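Nothing in this text is a laboratory measurement; each read-out follows from the coordinates by a stated rule. Because the structure is a prediction, the values reported are computed rather than measured. Don't worry about glycine lacking a Cβ; one is built from the backbone with ideal geometry, like all the others, and counts go over all protein chains shown.
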Amino acid sequence: MSDLNAILEPGMLVCHPDQPDWGVGQVQSNIAGRITVNFPEVGKVVIDGSRIGLLPVFDHPN
């Protein structure tokens, strides 16, 4: 779905476009289009990168 998913690496921050209430998550892994993200509100979620285009977050205060 999103070519941006290909650049996601562990440690990067992302938002789920359809689940804004999950907050800003941290990428744990990105293997063969399966992206594991740790979201503060829901924990670890495995996302199918071919179906969901995660949104990188570059200006989030740590």
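The figures follow:
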read-out: For the chain, size of Cβ-based charge dipole, Lys and Arg +1, Asp and Glu -1, in debye; value: 200
read-out: Relative contact order (%) - criterion: Cα under 8 Å, at least six apart; region: the chain; value: 38
